[in-house]
């Protein structure tokens with residue numbers, strides 16, 4: 001109040017007023033309606049605080065008088081009450097400057113929450129998009145989501161307060177509700193929420209609001225808990241509702257979407273089970289305390305703040321678009337969240353380092369700044385880079401700055417923002433980022449062979465591995481190198497180690513869904529080709545996000561359903577991201593860039609095939625593909641192959657040492673069976689020398705082979721270590737690596753020697769399990785302390801079950817696909833692999849951890865003998881011998897192989913002689929070509 005030219009401070013200590021206004025605990029001081037902080041209420045500081053506030057407020061009033069002469073005709077209190085920051089209630093949760101918003105920018109490929117497994121694979125923003133699309137509301141405009149367990153009194157009270165506010169709101173606030181149950185939702189413990197949701201889906205706005213408010217009353221909740229049927233309770237609280245529609249929806253409602261709600265609350269909203277929250281136009285306000293109240297007055301305040309901050313301006317703009325109420329409210333919510341959550345624009349900052357050095361706040365050490373001067377007398381860009389030098393980002397930034405400096409004139413300053421303490425070296429690799437300014441030519445104007453990464457001054461003692469880190473849509477392979485790129489020991493190499501890589505394929509990725517069900521059509525097959533050759537590449541659709549990938553190269557491609565059951569049962573109805581109209585006969589996809597190409601395809605069953613199932617028993621009349629990628633080495637899998645008795649063996653290897661083991665394993669398999677054998681190798685990590693010689697070996701020893709490859713999907717958590725990536729390929733993609741015509745596949749580790757006919761293992765009954773593994777041996781007693789699976793987590797998780805080893809396993813691919821085992825394994829992997837301490841041995845920890853969801857048939861112990869875990873007596877009956885590592889002795893595998901397996905040296909010598917003959921034959925052919933070229937007649941004239 002202004003009185004005789006002076007500012008007067010009044011302290012109010014009325015308890016009722018404090019409670020109603022949300023001012024908090026007494027004593028409370030108000031200065032012109034603004035609460036003083038607790039530290040400002042200190043009697044010794046109060047006078048100073050008041051004087052400072054009087055000076056600040058005097059300037060405010062002076063400006064008002066000077067600008068508009070406002071206070072000459074208006075009461076000062078009325079003037080204060082008209083300010084934009086005046087609110088009817090104080091709530092620190094609402095008024096806090098620290099705010100968290102949801103991301104509504106996504107358009108997910110999946111738009112349903114009824115399939116909890118699919119919903120769990122979505123990213124946070126995709127989950128938010130699904131929830132916002134499926135949400136049903138009471139009324140419209142400012143959007144509030146009530147997140148609570150309404151089976152609990154505190155949750156019901158929060159929803160009641162929101163609905164009461166909505167009834168009294170002049171701006172038509174709309175309210176949606178998300179269930180965050182305290183436990184696992186079932187039909188019995190979610191009746192109240194399902195009743196609310198059924199009314200939202202079936203009733204008019206007024207009826208569902210009145211019904212919900214009555215239903216939430218404690219006496220009605222108590223009746224429901226006592227077993228009163230919803231149809232009897234409906235007569236007491238329903239008013240003018242459509243009873244039949246409500247009862248039909250309530251009685252047929254599944255609880256799967258409640259599991260998606262629960263996942264959304266935990267993974268996106270970051271709430272604990274049962275915790276309450278209010279989401280206002282995407283802003284998340286979490287109620288941390290069970291006793292914390294969010295009253296009707298708080299909802300009034302929240303709506304006022306939301307409107308005055310930005311929503312009112314957005315609403316006025318959207319009103320001009322003449323959208324219907326639902327779309328307009330959705331747009332207001334999403335735009336408000338996007339704009340308000342966006343970081344505010346910042347002014348330019350000049351980073352200065354005193355005398356080219358900067359003193360770290362936690363250390364006394366002076367860290368120098370690297371400076372690169374600009375070219376004089378030219379306009380230049382001033383670039384300051386602040387990096388932690390021991391990160392992959394810093395490794396990539398250096399060549400980027402170098403190339404950028406060649407493109408534009410720059411002054412560069414690089415400041416090393418190092419971490420104070422490190423428990424281990426964060427970088428364990430030498431790195432070169434291959435980036436060139438332009439296409440380069442030699443002095444004679446001929447084109448250079450391509451970009452090159454050069455590593456110099458590398459220490460010679462460590463064992464190194466050369467690996468390529470490529471864009472997501474690239475499939476790159478090593479095509480020429482005489483060296484073992486997995487085991488580079490520079491001390492043993494004279495000269496330069498070189499390797500040549502080629503970009504083999506560009507990936508075409510996509511997501512496919514059935515329009516009728518909204519679910520991915522598991523087992524659906526696509527082909528990709530040109531008009532002259534329609535089937536060049538093919539693939540299968542995963543249940544995880546309906547994902548599929550196809551290899552291609554630049555050009556215009558035709559995407560089709562594969563001939564056979566896919567084309568017989570399904571038809572393509574719509575597609576996005578392609579290069580042909582929706583109603584066109586062919587789906588054309590043009591690859592004209594090195595960037596990723598991701599499409600969306602929607603299919604539908606033909607009217608007369610609605611009851612057909614792609615993966616039902618006895619329906620696989622045709623193989624999925626001749627192979628994911630076919631190479632020389634025998635005929636591809638077709639229907640005739642399926643009728644033949646073929647033994648399918650799958651293995652992976654990387655590096656010359658393991659490829660040496662792999663060839664010996666192949667010989668041991670062939671030595672002990674009369675059944676035709678087809679080997680399947682993961683091409684991704686095979687060396688050029690192995691790929692050059694495998695066709696000769698297949699011809700000499702009479703087996704077939706396929707080189708299959710698959711790019712790790714971008715949505716699946718990436719591994720960075722090469723060994724762990726290979727482990728992942730052993731278990732995560734079994735359903736998509738092999739044709740449907742292959743009924744069973746046996747995985748055999750490269751470092752394994754087979755002593756029995758694997759046909760016996762293939763024909764072994766798995767008793768309903770999709771795969772069979774051999775348990776770890778228990779017979780070598782001196783290794784007892786190393787058996788990690790007998791204590792801690794594994795002991796409690798497995799119970800009476802055994803922990804199985806992944807060196808040898810047989811997979812019933814028909815059963816594996818039918819129960820969606822691959823999708824389940826990928827789902828569990830996605831959840832566990834975020835923790836670096838989980839899945840230490842990925843390829844065997846994952847199936848053992850999933851043993852309760854995906855059963856494992858324990859194979860007879862003699863199928864895998866390992867000296868580390870099995871005693872010497874059991875070796876005589878062993879059908880395979882695995883050269884597994886010994887954590888106690890750490891003996892090298894080569895010396896262990898010679899010592900443990902008598903026949904190993906014989907196999908090894910045979911392979912050496914064979915490779916020697918192949919090399920000599922190649923040299924003869926090369927010399928013959930050279931001789932023919934030198935003896936050819938000379939031509940004159942121009943060519």
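Yes/no per residue for (1) over 23 Å from residue 481 (Cβ atoms); (2) touching a helix residue (DSSP H, G or I) at 6+ places or on another chain (Cβ under 8 Å); (3) exposed (fewer than 11 other Cβ atoms within 10 Å of the Cβ):
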position	(1), (2), (3)
394	yes, no, no
412	yes, yes, no
417	yes, no, no
424	yes, no, yes
441	yes, no, yes
447	no, no, yes
466	no, no, no
### Query
Can you find a residue in the range 810-824 that is in the same structural domain as residue 730 (by TED's automatic domain parsing) and within 18 Å of residue 865 (Cα to Cα)?
yes
### Task
Restrict the check to the range 90-104 and report whether at least one residue is at pLDDT below 75, touching a helix residue (DSSP H, G or I) at 6+ places or on another chain (Cβ under 8 Å), over 30 Å from residue 201 (Cα atoms) and assigned to a loop (DSSP other than H, G, I, E, B).
yes
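Across the range 364-382, what is the total count of residues that are in a strand (DSSP E or B) and modelled with pLDDT of 90 or more?
The first filter runs over the range 364-382 and keeps only residues in a strand (DSSP E or B), leaving 366-372, 381-382.
Among the residues that remain, those that are also modelled with pLDDT of 90 or more are: 381.
Number satisfying all stated conditions: 1.
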#### Entry: Failed item in (1) part of a helix (DSSP H, G or I); (2) within 36 Å of the chain's Cα centre (by Cα); (3) surrounded by fewer than 20 Cβ atoms within 10 Å (Cβ to Cβ), with residue 836 passing the rest
(1)
### Message
When the residues of the range 869-894 are narrowed to those that are crowded, with 18+ Cβ neighbours inside 10 Å and in a loop (DSSP other than H, G, I, E, B), which ends up nearest to the chain's Cα centre (by Cα)?
### Response
884
### Message
Tally up the residues in the range 876-918 that are farther than 17 Å from residue 776 by Cα and touching a strand residue (DSSP E or B) at 6+ places or on another chain (Cβ under 9 Å), please.
### Response
6
### Query
Which ones in the range 668-692 are buried (at least 20 other Cβ atoms within 10 Å of the Cβ) and either at positive phi or more than 30 Å from the chain's Cα centre (by Cα) (or both)?
668, 669, 677, 678, 679, 690
### Query
Out of the range 472-526, which residues are within 19 Å of residue 539 (Cβ to Cβ) and touching a helix residue (DSSP H, G or I) at 6+ places or on another chain (Cβ under 9 Å)?
475, 477, 519, 520, 521, 522, 523, 524, 525, 526
#### Entry: Selected residue (criterion: nearest to the chain's Cα centre (by Cα)) from residues of the range 294-320 that are surrounded by 13 or more Cβ atoms within 10 Å (Cβ to Cβ) and outside any helix (DSSP H, G or I)
294
### Query
Which one of the conditions (1) surrounded by 21 or more Cβ atoms within 10 Å (Cβ to Cβ); (2) at pLDDT 90 or above does residue 764 fail to meet, given that it meets all the rest?
(1)
### Summary
The lone condition residue 499 fails out of (1) surrounded by fewer than 20 Cβ atoms within 10 Å (Cβ to Cβ); (2) over 21 Å from residue 684 (Cα atoms) is (2)
## Note on the structure
Scanning the range 426-439 for residues that are exposed (fewer than 10 other Cβ atoms within 10 Å of the Cβ) and closer than 21 Å to residue 456 by Cα gives 428
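Looking only at helices (runs of 4 or more DSSP H) that fall completely inside the range 145-262, which ones have 1 or more residues that are on the phi < 0 side of the Ramachandran plot and crowded, with 21+ Cβ neighbours inside 10 Å?
Working: elements: 153-168, 191-202, 205-215, 218-225, 230-237, 243-252.
In the range 145-262, the matching helices (runs of 4 or more DSSP H) lie at 153-168, 191-202, 205-215, 243-252.
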### Query
Out of the range 532-572, which residues are modelled with pLDDT under 90, part of a strand (DSSP E or B) and under 24 Å from residue 111 (Cβ atoms)?
539, 540
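Taking the range 120-138 on its own, how many of its residues are in a helix (DSSP H, G or I), at pLDDT 85 or above and more than 24 Å from residue 199 (Cα to Cα)? It would help to see each step written out before you state the result.
Pass one, the range 120-138, residues in a helix (DSSP H, G or I): 120-121, 124-134.
From what's left, at pLDDT 85 or above: 124-134.
Next, only the ones that are more than 24 Å from residue 199 (Cα to Cα) stay: 124-126.
The qualifying residues number 3.
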### Message
So, residue 625, is that one touching a strand residue (DSSP E or B) at 6+ places or on another chain (Cβ under 9 Å) and modelled with pLDDT of 80 or more or not?
### Response
no
### Task
Answer with yes or no whether residue 935 is farther than 26 Å from residue 721 by Cα and modelled with pLDDT under 90.
yes
### Query
Can residue 331 be described as assigned to a loop (DSSP other than H, G, I, E, B) and under 32 Å from the mean Cα position of the chain (by Cα)?
no
### Failed item, numbered, when residue 909 is tested on (1) surrounded by fewer than 18 Cβ atoms within 10 Å (Cβ to Cβ); (2) more than 16 Å from residue 671 (Cα to Cα)
(2)
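Per-residue answers, yes or no, for (1) surrounded by 14 or more Cβ atoms within 10 Å (Cβ to Cβ); (2) under 29 Å from residue 505 (Cα atoms); (3) touching a strand residue (DSSP E or B) at 6+ places or on another chain (Cβ under 7 Å):
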{"residue": "575", "(1), (2), (3)": "yes, yes, yes"}
{"residue": "581", "(1), (2), (3)": "no, yes, no"}
{"residue": "591", "(1), (2), (3)": "yes, yes, yes"}
{"residue": "595", "(1), (2), (3)": "no, yes, no"}
{"residue": "598", "(1), (2), (3)": "yes, yes, yes"}
{"residue": "601", "(1), (2), (3)": "yes, yes, yes"}
{"residue": "610", "(1), (2), (3)": "no, no, no"}
{"residue": "615", "(1), (2), (3)": "yes, no, no"}
### Task
Tally the residues that are surrounded by fewer than 21 Cβ atoms within 10 Å (Cβ to Cβ) and more than 37 Å from the chain's Cα centre (by Cα), restricting the search to the range 841-867.
3
### Task
For the range 109-116, state whether one or more residues are surrounded by fewer than 18 Cβ atoms within 10 Å (Cβ to Cβ), within 32 Å of the chain's Cα centre (by Cα), modelled with pLDDT under 85 and assigned to a helix (DSSP H, G or I).
yes
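Output the number of residues of the range 313-327 satisfying the condition of being without any contact (Cβ under 8 Å) to a residue 40 or more places away in the chain and either touching a helix residue (DSSP H, G or I) at 6+ places or on another chain (Cβ under 9 Å) or more than 26 Å from residue 86 (Cβ to Cβ) (or both). Give the derivation first.
The first filter runs over the range 313-327 and keeps only residues without any contact (Cβ under 8 Å) to a residue 40 or more places away in the chain, leaving 313-314, 316-324, 327.
Keeping just the survivors that are either touching a helix residue (DSSP H, G or I) at 6+ places or on another chain (Cβ under 9 Å) or more than 26 Å from residue 86 (Cβ to Cβ) (or both) gives 314, 317-324, 327.
Here the count works out to 10.
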### Filtered residues of the range 503-531 (kept if touching a strand residue (DSSP E or B) at 6+ places or on another chain (Cβ under 8 Å), crowded, with 17+ Cβ neighbours inside 10 Å and part of a loop (DSSP other than H, G, I, E, B))
520, 521, 523, 524
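The values are calculated or read from the model by the stated rules, or taken from the named source; none is laboratory data. Since the model is a prediction, treat every value here as computed from it, not as a measurement. Cβ atoms come from the backbone with ideal geometry, glycine included; neighbour counts cover every protein chain shown.
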